[in-house]
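The next block holds one structure in the form of structure tokens; read it before the comments.
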């Protein structure tokens, strides 16, 4: 955009027709708009990338740290014993998925869990206390849980999967147990 000025005499000074500097002003404004737009895009993308990195860091390096114990995972009459072994990591929760009879059901064990079909494996007596508080195992430990299959809704389990949850992030399946045999 050019502004033309007519010849004007001002105090014996003649101003002739000249083009104004509106082209320079336009370029400066366009450069400023470009910088502002790039800044806004950077803030949005940086936030998304940082969130994804934080989520992936929570599950990084836990391979083989949460496993299903082969020795104590078995079928005991109408009950399924699931042994879980945790390495040197701090778990928030564990998601356990049991597949059988063409269906799959899952449940979580957190810091303090109370489910009608879940019990701690008895250490002294041979009675299972379903519906009582079940604790999540800690760092470098192992624990066996008992699932009442009738109450759970799967009477012939075929596969068990375990998924750790760390820092609010659900990680990938860390172990799978198939061909569940009788405890006897």
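The values are calculated or read from the model by the stated rules, or taken from the named source; none is laboratory data. On a predicted model such as this, the values are computed, not experimentally measured, just so you know. When we count neighbours, we look across all protein chains shown, and the Cβ atoms used for this are built from the backbone with ideal geometry, even at glycine.
Structure notes:
- Comparison of 79, 121 shows that the only residue that is touching a residue at least 60 places away in the same chain (Cβ under 8 Å) and either more than 17 Å from residue 173 (Cβ to Cβ) or more than 20 Å from the chain's Cα centre (by Cα) (or both) is 79.
- Taken as a whole, the structure places residue 75 among residues that are closer than 16 Å to residue 160 by Cβ and surrounded by 15 or more Cβ atoms within 10 Å (Cβ to Cβ).
- Residues within region 84-105 that are out of contact with any strand residue (DSSP E or B) (no Cβ under 7 Å at 6 or more places or on another chain) and outside any loop (DSSP other than H, G, I, E, B), tallied: 2
- Test: residue in region 63-83 that is in contact with a helix residue (DSSP H, G or I) (Cβ under 7 Å, 6 or more places away or on another chain) and in a strand (DSSP E or B): yes
- Residue match in region 63-71 (condition: within 16 Å of the chain's Cα centre (by Cα), surrounded by fewer than 16 Cβ atoms within 10 Å (Cβ to Cβ) and at pLDDT below 95): yes
- Qualifying residue in region 132-153 (condition: touching a helix residue (DSSP H, G or I) at 6+ places or on another chain (Cβ under 7 Å) and either under 15 Å from residue 80 (Cβ atoms) or outside any strand (DSSP E or B) (or both)): no
- Per the conditions (1) touching a strand residue (DSSP E or B) at 6+ places or on another chain (Cβ under 7 Å); (2) at positive phi; (3) surrounded by fewer than 11 Cβ atoms within 10 Å (Cβ to Cβ), the sole criterion not satisfied by residue 153 is (3).
- Scanning region 162-184 for residues that are surrounded by 14 or more Cβ atoms within 10 Å (Cβ to Cβ) and in a loop (DSSP other than H, G, I, E, B) yields 171, 174, 180.
- Residue match in region 106-128 (condition: in a strand (DSSP E or B), modelled with pLDDT of 95 or more and in contact with a helix residue (DSSP H, G or I) (Cβ under 7 Å, 6 or more places away or on another chain)): no
- When the residues of region 86-102 are filtered to those that are within 15 Å of residue 175 (Cα to Cα) and free of Cβ contacts under 8 Å to residues at least 60 places away in the same chain, the one that is surrounded by the fewest Cβ atoms within 10 Å (Cβ to Cβ) is 87.
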